[in-house]
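Novice: Questions regarding the structure given below will be posed in turn.
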Amino acid sequence: MKTIHLFIFLFAQLMLTSQNSIGIFDNHEDIGNPIIKSVANYDVNTQTYTVEAAGANMWAKTDQFHFLWKKIKGDFIISATVQFIGKGVDPHRKMGIIARNELTTNSPYADACVHGDDLTSLQYRLTDTAVTSQVELSVFHPTHIELQRIGNKFTFSAAVFGENYKSVNKEMDLNESVFAGLFVCSHNANVVEKAIFSNVRIIIPAAKDFRPYRDYIGSHLEVMDVSTGQRKVLYSVPNSIQAPNWTTDGKTLIYNSEGKMYNFDLATNTPSLLKTGSVINNNNDHVISFDGKMLALSNHVGDKRISTLFTMPIGGSDNPTMITSPDSGHSYLHTWSPDGKKLIFTGQRNKQYDIWSIDIATKKEIQLTNTPTLDDSPEYTPDGKWIYFNSVRTGTMKLWRMKPNGSQQEQITFDEYNDWFPHFSPDGKWMIYLSYMPDINPAEHPWYKRVYIRIMPTSGGVARTIGYLYGGQGTINVPSWSPDSKKIAFVTNSKL
C-alpha cells in the first residue's frame, strides 16, 4: 500500500510540474507565500517571459518572490536580457537569476540581482539561518545578465547592451543539484511589479576533459537582430551543427554537421540534406558566392584528411569541382572575390599558415601574407576594395585588412580580446566579428567558451558588443548576414 501511495504522490508531483512548466523551465511558483499571487507567461513566438510578481523582500533571513525554475546538477550558465516595465513603486524592486538549494523561504542561495535603483549585486545566503549578504557590481541598470556556476564558485556578470561584461564572484557551498532560474520581487507586499526576460538561455557547458573535434555537445541554431540584440532559437539538436550561411534569397541557412551539408528552410524551420556527391567530409569553412549562385566547400580529402577546396552550384551537385590540390597542403576557405573568379583561403604552405588566393579557372595560387605566425579568416568587403583577416602577429589575435594584392596591411582592432572571423553586411556598412576572452591561446579559436559577437562600422569606429554567447568554434566561422543586413545567424552550444 505504501508503494501505491508513493507512486500516486510522485505521479501527482510530475503532473503538477508538467502543468506549471513554462518555456525552458520545469515549473514556476511563488516562494514565501506572498499575499498577492503572481502571474508568469511565455510567448513562444518571441521566446520572452513576462512576470508580474509581488513579495515583501529577498533579504535578511526570508524571501518572497516569484520563481521560474529548473532543477540543474553541476555547472551551468544562465543568461538573460532583462527589463522592468514602468517606473515602479519601491526602488529596491528586484529581478534576476537565482540558484537555491530548496524552494523554502529561507534557503541558501546565490543570485544575479538587478534592482530598481542603481544597485546591481550578487546576493547570497550561506545557510538556512544566515542573513543575506551581497557583493556589489559597478554596472548601473544592466540589460544583459548572467549567473555562472563552476563547482562552488558563482559568478555574476552584467552589461548594458553594447558594452562588455563586468563580473563579481562568491565561493559558497550550495547543493550539487539546485533550483535555478528567473525571479521577480516587488519589495512591497502590496504591490505588483512587472519584468520581461528575453534571450533566456540555460547552458550546460562541456566537460572539462572533453576532446576537441571528438567530443561534441548540443547546438542551437539562432538568429539575431543586430540593432536590438534580440535573439531567437530556430532549431536545437544534441549533436554538433556549425557555421550557418544565409542564402542571398533570404529563404535558407546552410550549415555543416558531421561532414555533410544541410539546407535549413526558414519558412518551416526544418533541415534537409544538401547534395554534395562524394564530398562528405566538410568542415565549417563553406562560403556562398556574392551573386548567390555558387557554394564553395572545404572538404577533408584522403587518409591525411587534407582540407581541400571545392565549388558547386548552390542547389547541390553530384560531382563538386576540386579547386585546390591536397598535395599543396591544407586549404581553409573563407571568401569569394566579388566577381566570383577567385577564392581566398588560409593555406598551409611553406610550413606556415598564410592568406592565399586562387584563380578558379587557372588554379594559380598567389600568396597574400607571409608571417611565421597565424594569419586566418580572410573576407572581401562587398565593394572589393579590401580583404579583412585576423592575425596573431602582435601576440594577440586582432583584425587586420589589406588590399586585394596583399599590400597596405594594417591593424583594425586593438583591445585585449582575441578577435576572429570578420563578416560584412551585404550593404557594406557593418562588420561583425567574434571575440574570445583574453585568457585563451591567441592562436586558437577553441570550442565551448564564453564569447562575444561585436559590431563596428566598416568605415571605422568603436566596436559594440551585441551577442553574449557560449560557443566559439563553429559559431560564426563563415559569412552569416541576412540579405537585408538586419540580422545574423550563428550557433551556440549546450549539453542537451
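Novice: Being touching a Ser or Thr at 6+ places or on another chain (Cβ under 9 Å) and buried (at least 16 other Cβ atoms within 10 Å of the Cβ) is the filter here, so list the residues in region 116-140 that pass it.
Specialist: Residues of region 116-140 touching a Ser or Thr at 6+ places or on another chain (Cβ under 9 Å): 120, 122-126, 128, 134-140.
Within region 116-140, 120, 122, 123, 124, 125, 126, 134, 137, 139 qualify.
Novice: Same structure again: What number of residues within region 147-205 are within 18 Å of the chain's Cα centre (by Cα) and over 30 Å from residue 416 (Cα atoms)?
Specialist: Adding up the residues that qualify gives 1.
Novice: Can we say residue 81 is within 23 Å of residue 465 (Cβ to Cβ) and either touching a Ser or Thr at 6+ places or on another chain (Cβ under 6 Å) or touching a residue at least 40 places away in the same chain (Cβ under 8 Å) (or both)?
Specialist: Details: within 23 Å of residue 465 (Cβ to Cβ): yes; either touching a Ser or Thr at 6+ places or on another chain (Cβ under 6 Å) or touching a residue at least 40 places away in the same chain (Cβ under 8 Å) (or both): yes.
Yes.
Novice: Also, quick follow-up: Kindly list the number of the only condition in (1) more than 25 Å from residue 404 (Cβ to Cβ); (2) under 28 Å from the mean Cα position of the chain (by Cα); (3) surrounded by fewer than 17 Cβ atoms within 10 Å (Cβ to Cβ) that fails for residue 327.
Specialist: Single failed check for residue 327: (2).
Novice: Taking into account only those residues within region 480-496 that are of a type in the set (Gly, Ala, Ser) and part of a strand (DSSP E or B), which is surrounded by the most Cβ atoms within 10 Å (Cβ to Cβ)?
Specialist: Per the stated criteria, the residue is 489.
Novice: Name the residue, out of 303, 354, 327, that is touching an Asp or Glu at 6+ places or on another chain (Cβ under 7 Å) and either among the acidic types (Asp, Glu) or outside the structural domain of residue 399 (by TED's automatic domain parsing) (or both).
Specialist: Just one listed residue meets the conditions, 354.
Novice: Which residue pairs have Cβ atoms under 7 Å apart, sit 6 or more places apart or on different chains, and have a first residue in region 245-272 that is at positive phi and a second that is basic (Lys, Arg) and assigned to a loop (DSSP other than H, G, I, E, B)?
Specialist: If the second residue must be basic (Lys, Arg) and assigned to a loop (DSSP other than H, G, I, E, B), no pairs are left.
Novice: Going through region 147-191 one residue at a time, which ones are in contact with a Ser or Thr (Cβ under 7 Å, 6 or more places away or on another chain) and acidic (Asp, Glu)?
Specialist: Of everything in region 147-191, just one residue is in contact with a Ser or Thr (Cβ under 7 Å, 6 or more places away or on another chain) and acidic (Asp, Glu), namely 163.
Novice: Do the conditions hold for residue 290, that is, is it part of a loop (DSSP other than H, G, I, E, B), over 25 Å from the mean Cα position of the chain (by Cα) and over 30 Å from residue 143 (Cα atoms)?
Specialist: Details: part of a loop (DSSP other than H, G, I, E, B): yes; over 25 Å from the mean Cα position of the chain (by Cα): yes; over 30 Å from residue 143 (Cα atoms): yes.
Spelling it out, residue 290 is indeed part of a loop (DSSP other than H, G, I, E, B), over 25 Å from the mean Cα position of the chain (by Cα) and over 30 Å from residue 143 (Cα atoms).
Novice: Criterion first (surrounded by fewer than 21 Cβ atoms within 10 Å (Cβ to Cβ) and assigned to a loop (DSSP other than H, G, I, E, B)) does residue 446 satisfy it?
Specialist: Details: surrounded by fewer than 21 Cβ atoms within 10 Å (Cβ to Cβ): yes; assigned to a loop (DSSP other than H, G, I, E, B): yes.
Yes, satisfied.
Novice: Taking the stated definitions as given, is residue 4 over 29 Å from residue 224 (Cβ atoms) and either at pLDDT below 95 or polar (S, T, N, Q) (or both)?
Specialist: It is true that residue 4 is over 29 Å from residue 224 (Cβ atoms) and either at pLDDT below 95 or polar (S, T, N, Q) (or both).
Novice: Select from region 367-391 the residues that are closer than 18 Å to residue 284 by Cβ and part of a strand (DSSP E or B) and list them in ascending order.
Specialist: 376, 377, 378, 379, 389, 390
Novice: Residue 485 - would you say it is modelled with pLDDT of 95 or more, of a type in the set (S, T, N, Q) and closer than 29 Å to residue 365 by Cα?
Specialist: no
Novice: Look through region 52-93, keep the residues that are closer than 14 Å to residue 181 by Cβ and basic (Lys, Arg), and return whichever of them is surrounded by the most Cβ atoms within 10 Å (Cβ to Cβ).
Specialist: 70
Novice: Would you check which residues across region 293-330 are of a type in the set (S, T, N, Q), over 24 Å from residue 375 (Cβ atoms) and assigned to a strand (DSSP E or B) and list them? Spell out how you get there, then give the answer.
Specialist: Filtering region 293-330 down to residues of a type in the set (S, T, N, Q) leaves 298-299, 307-308, 311, 317, 319, 321, 324-325, 328.
Narrowing the set further to residues that are over 24 Å from residue 375 (Cβ atoms) leaves 317, 319, 321.
Across region 293-330, the qualifying residue is only 321.
Novice: Give the residues of region 330-385 that are closer than 24 Å to residue 457 by Cβ and surrounded by fewer than 20 Cβ atoms within 10 Å (Cβ to Cβ), sorted by residue number. It would help to see each step written out before you state the result.
Specialist: Initial filter on region 330-385 (closer than 24 Å to residue 457 by Cβ): 334-338, 344, 355, 375-385.
Selection gives 337, 338, 381, 382, 383, 384, 385.
Novice: For residues that are surrounded by 14 or more Cβ atoms within 10 Å (Cβ to Cβ), farther than 25 Å from residue 88 by Cα and either hydroxyl-bearing (Ser, Thr, Tyr) or not assigned by TED's automatic domain parsing to the domain that holds residue 67 (or both), tally how many sit in region 161-189.
Specialist: 2
Novice: Please specify each residue of region 439-482 satisfying the condition of being of a type in the set (Gly, Ala, Ser) and modelled with pLDDT under 95. First the steps, then the outcome.
Specialist: From region 439-482, those of a type in the set (Gly, Ala, Ser) are 443, 459-461, 463, 467, 471-472, 474, 480, 482; that's our starting set.
443, 459, 460, 461, listed by residue number.
Novice: Which is at pLDDT below 95 and not hydrophobic (A, V, I, L, M, F, W, C), of 143, 129, 105?
Specialist: 129
Novice: Specify the residue that is farthest from the chain's Cα centre (by Cα); the eligible residues are those in region 467-479 that are buried (at least 24 other Cβ atoms within 10 Å of the Cβ) and of a type in the set (Gly, Ala, Ser).
Specialist: Only one residue tops the list, namely 474.
Novice: Still on this structure, I have one more. When you check residue 105 against the structure, is it more than 30 Å from residue 492 (Cα to Cα), loosely packed, with under 15 Cβ neighbours inside 10 Å and out of contact with any His (no Cβ under 7 Å at 6 or more places or on another chain), yes or no? Quick ask: steps written out before the conclusion?
Specialist: Working: more than 30 Å from residue 492 (Cα to Cα): yes; loosely packed, with under 15 Cβ neighbours inside 10 Å: no; out of contact with any His (no Cβ under 7 Å at 6 or more places or on another chain): yes.
For residue 105, the condition - more than 30 Å from residue 492 (Cα to Cα), loosely packed, with under 15 Cβ neighbours inside 10 Å and out of contact with any His (no Cβ under 7 Å at 6 or more places or on another chain) - is not met.
The values are calculated or read from the model by the stated rules, or taken from the named source; none is laboratory data. Computed from a prediction, not measured in an experiment: that's the story for all the values here. In this analysis, Cβ positions are derived from the backbone assuming ideal geometry, glycine residues included, and neighbour counts consider all displayed protein chains.
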